Amino acid sequence: MTMKRVKTRVCEFLALNGLRLDDDIEYYAGVFAVSGDEMLAGAGIAGDVMKGVAVSAALRSTGMSTRLISHLVSEAASRGVTSLKVFTKPENRAIFESLGFAMIARAPKAILLENGNGLRDYCASLASLAQGKPSRRGVVVMNANPFTIGHRYLVEEALRKVEHLFVIVVKEDRSRFGYAERLAMVKAGLAGLERVTVIEGSSYTISAATFPTYFLKEITDATDTHITLDLDIYTRHIAPALRADLRFVGSEPADALTARYNELMHRQLPVCGLDVVEVPRVTVDGLVVTASQVRGLLDEGHLREIVRRVPATTLPHIVARLATRSLLIELDTTPKPGLVDRDDNGAHTDMDYALMRRSIDALHPFFVRLALLGADDGTPDATRVKDLGLAAEQAMLSATGGVNTHKGALFALGLTVVAAAHCRGEVTPSRLQQEIARLACNHPRAIDTHGSRAVAQYNALGALAMAQRGYPALFDDWLPFFEACRHDDNAAQLTLLRIMSELDDTNVLHRCGPQVAQEVKAAARRLLGNYTTAGMRELNRLFVEGNISPGGAADMLALTTLVHALTH
């Protein structure tokens, strides 16, 4: 059978057994009849969780279940997973226990088992953290995607009722902000508060193992079972290890899934002698502050509104995310002339959409580090900015196999990220422009240039000179133009054409020379005067034929959208 047909058979077989082939399954083993077309058994691995375990009725008395599970345990071990977990029906408990699994949580319709000592070791580490702490203890579990003033308020209110508070950060890496970044935000946001211990998350608290539907943000038939299992682990193992008798949660007026979690927590924990304290949410302008609300503002590019909803320690992460967002906006703008977009690779033979996405993903952690540098007290050190920029460039080249996808954008956006973070939430166009110019002029030798050969040969204004002048064309022309047309469906294309019609693009100069560069400007002006999508596609065709790539204009489009988001 072809791989496509095998996958179809697996999906059909699982469906017959009330299961599905989840997207996160990394490895799946199937048993087929001799004919090769009938599937008889199967099981898969997703991280440290065994999924999709099913055996046909004809094989259930043959020991196939044992052989299949043993195979998965060996496969998991070869992948470095020493504590494999599995959801199953209560009636299957004996099968898994005979293979070394132990039940760690139970609900009426399902149980969660694990082999190895993962939970025992985790609880031992929790007990060590709790040693010597005052007796009245509480716990807050938070995803902090991102960390807001609401999260800080919840902790402050909890501290009024306990002598020591443990804050557990959800570890699962399925959120907008990655785990390492969320953990850093929580630690920074709670720094200075006494009687608080921030604990790294695990696969035993709101994870793919204990509560997979949490990350789908939808209520299904399995939701109550997952919530019950997650809370059962908490009451049986985590709370006793920490010797904590209070669990604090924020009230939930909007998210139905979190509201249901809170509801079942109020039912389940008191039965085990644990108290639940629900703290009313903090509001801004009469609206409850939530992380999802902040993410919505982030998507819309409204830093000013975000500033009112997050502590200063979170702002560098927001600024970095806006920089990443601007690169994605530029990449997703389709169609574009001669540039990589969702439709084609433009005039490039060495890069495509997927490669550009990998490059952006590789750059994001460095935008975070640059923003944190900018947020430090005092003037940002240009040498450290340069060193981080060079490290980011190497990460980009490693992710792309040596292809220079975003060197120019990294220079412009990196500088702007440092400058914006240094404004500490008070980002106005004039102040941002001044900060960029000051940073670029401080130590010009410490900052790499882009298109230096084209600059020297054709007397064009290079990246460093533009930055030292504070990008006057952007602030005086391109930004107002973008703001005037931003509600147009083609705002990004129109702004790109505006930039192309004015910018001495060093990419075009280097690839094609000054005559073609002038023709590019003229073509952009003509299309800008009478824009149509068909016209943009035709311009792309001509640019591909002429090997023309206005990469400098693309960088300035990304910078324009970033500056707009930072100042609105």
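Things to note:
- Matching residues in region 339-377 - criterion: being among the basic types (Lys, Arg) and either within 20 Å of LEU322 (Cα to Cα) or in a helix (DSSP H, G or I) (or both): ARG357, ARG358, ARG369
- For region 61-78, the condition of being of a type outside the set (Asp, Glu), at pLDDT 90 or above, part of a strand (DSSP E or B) and not assigned by TED's automatic domain parsing to the domain that holds GLU200 holds for none of the residues.
- Top-ranked residue in region 50-90 [being surrounded by fewer than 16 Cβ atoms within 10 Å (Cβ to Cβ) and hydroxyl-bearing (Ser, Thr, Tyr); ranked as nearest to LEU119 (Cα to Cα)]: THR82
- When region 227-259 is limited to residues that are among the charged types (D, E, K, R) and under 30 Å from GLY286 (Cα atoms), the one that is nearest to the chain's Cα centre (by Cα) turns out to be ASP255.
- Annotation note: of ASN117, ASN145, the sole residue that is under 31 Å from the mean Cα position of the chain (by Cα), among the polar types (S, T, N, Q) and more than 27 Å from ARG176 (Cβ to Cβ) is ASN117.
- Note on region 85-110: among residues that are touching a residue at least 40 places away in the same chain (Cβ under 8 Å) and not in a strand (DSSP E or B), the one that is nearest to GLN268 (Cα to Cα) is ALA107.
- Looking only at residues in region 10-38 that are outside any loop (DSSP other than H, G, I, E, B) and more than 16 Å from LEU68 (Cα to Cα), the one that is farthest from the chain's Cα centre (by Cα) is LEU16.
- Taking the criterion of being closer than 21 Å to THR560 by Cβ and among the polar types (S, T, N, Q), the residues of region 371-423 that qualify are THR405, THR416.
- The one condition from (1) surrounded by 11 or more Cβ atoms within 10 Å (Cβ to Cβ); (2) part of a loop (DSSP other than H, G, I, E, B); (3) out of contact with any helix residue (DSSP H, G or I) (no Cβ under 8 Å at 6 or more places or on another chain) that LYS7 does not meet is (2).
- Against the test of being in contact (Cβ under 8 Å) with a residue 40 or more places away in the chain and not in a helix (DSSP H, G or I), the options GLY138, GLY132 yield a single qualifying residue, GLY138.
- Hey, TYR122 in a helix (DSSP H, G or I) and in contact with a Ser or Thr (Cβ under 7 Å, 6 or more places away or on another chain) or not: yes
- Residue check, PRO380 outside any helix (DSSP H, G or I), at pLDDT below 95, out of contact with any Ser or Thr (no Cβ under 7 Å at 6 or more places or on another chain) and surrounded by 19 or more Cβ atoms within 10 Å (Cβ to Cβ): yes
- Among helices (runs of 4 or more DSSP H) entirely within region 462-568, having at least 2 residues that are within 15 Å of LEU339 (Cα to Cα) and assigned by TED's automatic domain parsing to the domain that holds GLU435 singles out 491-502, 506-512, 514-529, 533-545, 551-566.
The values are calculated or read from the model by the stated rules, or taken from the named source; none is laboratory data. Since this is a predicted model, take the numbers as computed values, not measurements. Heads up, the Cβs are rebuilt from the backbone with ideal geometry, glycines too, and the neighbour counts pull from every protein chain shown.
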